[in-house]
Amino acid sequence: MLSQESLQQIDREIAKYPSDQKQSAVMAALRIAQVEKGWLPRDLIEFVAAYLEMPAIAAYEVASFYNMYDLEPVGRHKITVCTNLPCALSGGVHAAEYIKQKLGIDFNETTADGKFTLKEGECMGACGDAPVLLHNNHKMCSWMTTEKIDQLLAELENK
Amino acid sequence: MSAHGLILAGVDGDRTWRLQDYVARGGYAALRKIIAEKTPPETIIAELKASVLRGRGGAGFPTGLKWSFMPRSFPGDKYLACNSDEGEPGTFKDRDILRYNPHTVIEGMAIAAYAMGCARGYNYIHGEIFEIYQRFEEALDEARAAGLIGQNILGSDFSFELFAHHGYGAYICGEETALLESIEGKKGQPRFKPPFPASYGLYGKPTTINNTETFASVPFIMNMGGNGFLELGKPNNGGTKLFSISGHVNRPGNYEINLGTPFSELLEMAGGMRGGRKIKGVIPGGSSSPVLPGDVMMDCTMDYDSISKAGSMLGSGAVIVMDETTCMVKALERLSYFYFEESCGQCTPCREGTGWLYRVVHRIENGLGRPDDLDLLNSVTGNIMGRTICALGDAASMPVQSFIKHFGDEFAYHIENKKCLVPPEVQYAGSQIYVSPSC
């Protein structure tokens, strides 16, 4: 269900923990699975659980508790904008409004062409860089002025 | 960067984080000395106690005392955990420490492991800063290749394995027992205490958890001596501290200063108020700490005791500055939403109470407030505080109580006039998209 490369990555994570604590690797394993498949359908969560020899429900609990896991399909590019207070004071809300307008979608929506999903994020621990957004969970973009947002969306449009 | 800094002293952005750069700055000298001289663990803990290093994650608990709680001679596994799950709104210091000086955290953890007899440790890194997690893993590879962590460190009989573990979007995992649950591969729901982690921690074994900045301070304390570190700050508030300044200032960012430095000087370092506007309120220690009026804050010094005397907490050192263009109801509404969103749902007072707080503040902000809403808010917070397993309930309540206490007139105006005291165009002028000069 997952590529050899993903499985090797998961094995590297398992090796970080005592041999009887494979479950500790579940957060990383779900992340690796999501990167490969784009989101976490139920059978994928079950596969990860079986690979780590843990109950499927326990893996599902983790997948549904932490908000960076996507339990429904998202666009090719998931943009998460922080709108929490420190960011809002430096334009975070305005950045989010600008992206909504540009893409013609609201939070938790995906563009019709399946390219972009917009999410409202909570504190990312980067308030000094506001406005801040995450691209596909892993790439942080700082000081996102309207010009930089234009540039980013144009780049991603063709990816 | 502060001239008095320790952790950030001599670092040059993204260019000087590697092992060789850290060694050139004097890095790993403390660990080498301890191993070469076989320093007794009690001596290390005594130095820490003398330094009066207080936990940098928010609680301010004396680190030396915490380390002394570990049953060093307890047979079997003991664990060490670093809390880099930095998601308290306003806090972004650990990200810079791990990005610019990751080896000082590794060295601090190795010294801690030596002092407490831990053979294995994990650094739990906030999921949203995934690039920093990757960098820390690289730094670990460097340290491992140089024999600074792993089996038989520097040829001695001391072994310590250290790994990175990432979160994936849950503020609650910054609570130390939720963090342990998360490392165990579970939902991050805090554990009932006691037992405390020093007796029942990760995988049920004795565990010590410290904040990133706390570990990062340890090598410096070992090098300069506990008293030298203490003297940088003021009595009962040893050393330097990173302050993350965000909000309405000209240069948001991290500033490492001696504890006891006047707030006015810190504000000046951050370039002063944006647009030269008047300061209205400051949240001095992360979103959970009570807000203080600007003029009260201007008389404070930046240390645990001064901020506590003024009625708030130094917390994690996250200073959120708000100027006169800020609607305090809107500000509180956003914070209340955050706690509602991030409550883990385990305890009824917090799960239900945080939603209640948010809905009431939300209706006040939207012109639907009722005359007795402020009493209601105070009553709900009173019924959350002290009635939950962890501090998230208190953290959600303290902003509500303090915003009402200090800016109650603004809330009353909202309820009575069904609109904001601060006109929308003024609010927009204060918080529109802003570009950092260091960008």
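Taking the alpha-carbon distance from B:K419 and a cut-off under 17 Å, which lysines remain once sequence neighbours fewer than 8 residues away in the same chain are dropped?
Filter leaves B:K330.
Per DSSP H run of at least 4 residues, take -39500 (n - 2.57); add these up for chain B, divide by its residues and hand me the 222 nm value, nearest 500 deg cm²/dmol.
For chain B, the value works out to -13500 deg cm²/dmol.
List the residues, sorted by chain then number, that are 5 or more residues from B:F158 or on another chain and whose placed amide H is less than 5 Å from its amide H.
Amide H neighbours of B:F158: B:I153.
So what are the ³J(HN,Hα) numbers for region B:82-93, from phi and the Karplus equation (6.51, -1.76, 1.60; θ = phi - 60°), rounded to whole Hz, Gly and Pro as x?
With coefficients 6.51, -1.76 and 1.60, one gets 10, 9, 10, 8, 8, x, 6, x, x, 9, 8, 7 Hz.
5 Å is the cut-off here: which amide hydrogens, built 1.01 Å from N in the peptide plane, fall below it relative to B:E324, excluding neighbours closer than 5 in sequence?
B:K278, B:K280
Can you give the mean number of other chain Cβ atoms that lie within 10 Å of the Cβ atoms in peptide B:331-337?
That works out to 3 on average.
Report the semi-axes of the equivalent ellipsoid for region B:340-439 in whole Å, largest first, where each axis is √(5λ) for an eigenvalue λ of the Cα gyration tensor.
27, 20, 11
Would you kindly work out the equivalent ellipsoid of region A:55-107 from its C-alpha gyration tensor and give its semi-axes, the square roots of five times the eigenvalues, largest first in whole Å?
29, 15, 6
What list of ³J(HN,Hα) couplings, whole Hz, do you get for region B:209-224 from phi and the Karplus terms 6.51, -1.76, 1.60, once you set θ to phi - 60° and write x for glycine and proline?
Karplus-based 3J(HN,Hα) across region B:209-224 equals 10, 10, 6, 3, 5, 4, 4, 4, 7, 4, x, 5, 5, 5, 6, 9 Hz.
Suppose R0 equals 25 Å. What FRET efficiency, 1/(1 + (r/R0)^6) with r the Cβ-Cβ distance, do B:A29 and B:A145 give to the nearest 0.05?
Efficiency, from the Cβ-Cβ distance: 0.85.
Could you sort B:325-335, B:248-258, B:298-308 so that the peptide with the highest average Cβ count within 10 Å comes first and the rest follow in order?
Ranked by mean Cβ neighbours within 10 Å, highest first: B:325-335, B:248-258, B:298-308.
Summing both sides, how much accessible area is buried between B and A? Use a 1.4 Å probe and give Å² to the nearest 100.
Interface between B and A: roughly 4600 Å².
With every protein chain present, what is the per residue accessible area of region B:246-387 (1.4 Å probe, Å²)?
Heavy-atom accessible area per residue stands at 35 Å².
Roughly how many debye, to the nearest 20, is the charge dipole of region A:77-158 about its Cα centre, given +1 on each Lys and Arg Cβ, -1 on each Asp and Glu Cβ, and no other charges?
Using Cβ point charges on Lys, Arg, Asp and Glu, region A:77-158 gives about 120 debye.
With 21 Å as the limit, write out which pairs from A:K139/B:K241; A:K22/B:K193; B:K66/B:K241; B:K309/B:K405 have Cα-Cα distances beyond it, or answer none.
Result: A:K139/B:K241; A:K22/B:K193 exceed 21 Å.
Scan around B:H166 for amide H atoms under 5 Å from its own, H built in the peptide plane at 1.01 Å from N, and keep only partners 5 or more places away or cross-chain.
Amide H to amide H, under 5 Å and 5 or more residues apart or across chains, B:H166 pairs with B:I125.
Rounded to the nearest 20 Debye, what is the dipole magnitude of the protein assembly as shown about its Cα centre when Lys and Arg each give +1 and Asp and Glu each give -1 at the C-beta?
Dipole about the Cα centre, nearest 20: 640 debye.
Whole-Hz ³J(HN,Hα) for each residue in region B:283-293, computed from phi via Karplus 6.51 cos²θ - 1.76 cosθ + 1.60 with θ = phi - 60°, x for glycine and proline: what do you get?
Result, rounded to whole Hz: 9, x, x, x, 4, 7, 7, x, 6, 10, x.
Taking only protein heavy atoms into account and a 1.4 Å probe, give the accessible area per residue of region A:4-65 in Å².
So region A:4-65 comes to 47 Å² accessible per residue, rounded to a whole number.
Once Lys and Arg get +1 and Asp and Glu get -1 on their Cβ, which of A:L118, A:N136, A:L103 lies farthest toward the positive end of the dipole of region A:77-158?
So the residue we want is A:N136.
Can you give the average number of partner chain beta-carbon atoms within 10 Å of each beta-carbon in peptide A:65-71, as a whole number?
Other-chain Cβ atoms within 10 Å of each residue's Cβ, averaged: 6.
Would you work out which of B:A143, B:M224, B:S264 lies farthest towards the positive end of the dipole of the protein assembly as shown? Charges go on Cβ: Lys and Arg +1, Asp and Glu -1.
Farthest towards the positive end: B:M224.
What figure, in Å² to the nearest 10, do you get for the accessible area of A:K159 with a 1.4 Å probe and non-protein molecules left out?
Approximately 140 Å² of A:K159 is accessible to the 1.4 Å probe.
Could you work out what % of the accessible surface of region B:262-308 is carbon and sulfur, using a 1.4 angstrom probe and leaving DNA, RNA and ligands out of the count?
Roughly 51 percent of what the probe reaches on region B:262-308 is carbon or sulfur.
Choose one of B:I132, B:M297, A:L52: the residue whose Cα lies farthest towards the positive end of the charge dipole of the protein assembly as shown (beta-carbon charges +1 Lys, Arg; -1 Asp, Glu; about the Cα centre).
B:M297
Using a 10 Å cut-off on Cβ to Cβ distances, tally the other chain neighbours for every residue of A:19-27 and report the average as a whole number.
Taking the mean over all residues of the peptide, I get 4.
Ranked from highest to lowest mean number of other Cβ atoms within 10 Å per residue, what is the order of the peptides B:221-227, B:181-187?
In decreasing order of mean packing, B:221-227, B:181-187 become B:181-187, B:221-227.
Is there a quick way to get the dipole size of chain B? I mean about its Cα centre, with the Cβ of Lys and Arg at +1 and of Asp and Glu at -1; what is the value in debye to the nearest 20?
With Lys and Arg at +1 and Asp and Glu at -1, about 460 debye.
The values are calculated or read from the model by the stated rules, or taken from the named source; none is laboratory data. It should be emphasised that the depicted structure is a prediction, and the values quoted were computed from it without experimental measurement. Please note: Cβ atoms are built from the backbone with ideal geometry, for glycine as well, and neighbour counts cover all protein chains shown. These area figures cover heavy atoms from the full protein model, side chains too; ligands, DNA and RNA do not enter into them. Shrake-Rupley method; radii C 1.70, N 1.55, O 1.52, S 1.80 Å.
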